[in-house]
Amino acid sequence: MITVTGATGNVGRELVRILAEAGEAVTAVSRGEARDLPVGVPHVRADLTDPGSLRPALDGADALFLLVAGDHPRGVLDAARAAGVRRVVLVSSLGVATRPDAYRHPAAFETALRGSGLDWTVLRCGGLNSNTFAWAGTIRADRVAAAPFGDVGLPTVDPADVAEVAAAALLWPGHAGAVYELTGPAPTTPRERAAAIGAALGEPVRFVEQTREEAREQMLAFMPEPVVEGTLAILGEPLHAERRVSPDVERVLGRAPRSFAEWASRSTAAFR
């Protein structure tokens, strides 16, 4: 049985579907209520900030899909090991490699996982295409999208591709000890992503470029300051490693990663 944390998120929801369609026993875990789970998939409410709350969700599990959440990675992994979990797939951040001072939180999870005695696979993602859901309100209301650094391109990744790679690592041998960097097939700029959403909607979306300070103030409402500064550095002055298109999605799945335009065409409901 596989326990999936973050089962209502953009990656977790798709992963639950993939695993259920593959005939795997799955337990879906989230802090809040879960809707539209596949038939027969049980849901357990638990919070990664409280490792003890995970025990019912881990009962009978031999594999775990884990988010970076909370401040007790060792507690979560101890609970998993005690329950009989043998394999963990962790969704981490590319920033662990490129901006270690800013991304200490996911780095702590990776370090704890490596020392856990469990088989592990780490998925280091750059930006997710679904981060543009932050534009949903303004696109619905005014067909406007605002972001800083409008002409700086990064190879953001489709959450569905992350979910498929996670499924492969959970279901099949050969992934233990691997660190995969997951990107899309090509860099796209915020301006280009806004245009792609407009094309999918069949209506133009106007792009408004924010200043760095405007974006910083907005991000500080929901992100710690070191992460905000690291994120703005990646968005505005990405390193070569952050611009690079990784071969890992294709290496694992045997096909090229999906484009941002493909993601936008599947996601129009959020922007209408």
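Some values worked out for this structure:
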| read-out | value |
| --- | --- |
| Accessible surface of the chain [probe 1.4 Å, protein heavy atoms]: carbon and sulfur percent | 51 percent |
| Sequence-separation-based contact order of the chain, relative, with Cα cut under 8 Å and 6+ spacing, percent | 18 percent |
| Simple label model, 7 Å out from Cα along Cβ direction - Thr268 to Asn131, nm | 2.6 nm |
| Residue-wise HN-Hα coupling along segment 60-74, computed from phi with Karplus coefficients 6.51, -1.76, 1.60 (Hz; x: Gly, Pro) | x, 7, 10, 9, 9, 9, 10, 8, 7, 8, x, 10, 10, x, 5 |
| Extension gain from Ser259 to Thr49, taking 0.36 nm per residue of separation minus the Cα-Cα distance | 72.2 nm |
| Per residue solvent-accessible surface (Å²) - the chain, probe of 1.4 Å | 46 Å² |
| Loop-located GluC sites (Glu not before Pro) in segment 1-56, at most 14 other Cβ atoms within 10 Å (DSSP) | Glu33 |
| Sum of -39500 (n - 2.57) over DSSP H runs of 4+, divided by residues of the chain (222 nm, nearest 500) | -11500 deg cm²/dmol |
| Heavy-atom accessible area ranking, 1.4 Å probe, most first, across His175, His72, His240, His43 | His240, His72, His43, His175 |
| Other-chain or far-sequence residues with amide H under 5 Å of Gln210's (modelled H) | Ala147, Phe149 |
| Selection of trypsin sites (Lys or Arg not before Pro), segment 16-99, meeting DSSP coil and at most 12 other Cβ within 10 Å | Arg35 |
| Accessible area (Å², 1.4 Å probe, nearest 10) - Thr211 | 70 Å² |
| Rounded FRET efficiency, nearest 0.05, which uses the C-beta distance separating Glu24 from Arg243 and R0 of 35 Å | 0.45 |
| Contact order relative to length of segment 147-272, as percent, for alpha carbon pairs under 8 angstrom and 6 or more apart | 43 percent |
| Relative contact order computed over segment 140-195 (Cα-Cα under 8 Å; 6+ residues apart), in percent | 58 percent |
| Spatial separation of Cα centroids for segment 145-202 and segment 209-272, in angstrom | 7 Å |
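The values are calculated or read from the model by the stated rules, or taken from the named source; none is laboratory data. The model shown is predicted, which means the values in this text are computed figures rather than measured ones. A quick note on method: Cβ atoms are made from the backbone with ideal geometry, for glycine too, and the neighbour counts reach across all protein chains shown. Calculation scope for accessible area: heavy atoms of the full protein, side chains included, ligands and nucleic acids excluded. Shrake-Rupley method; radii C 1.70, N 1.55, O 1.52, S 1.80 Å.
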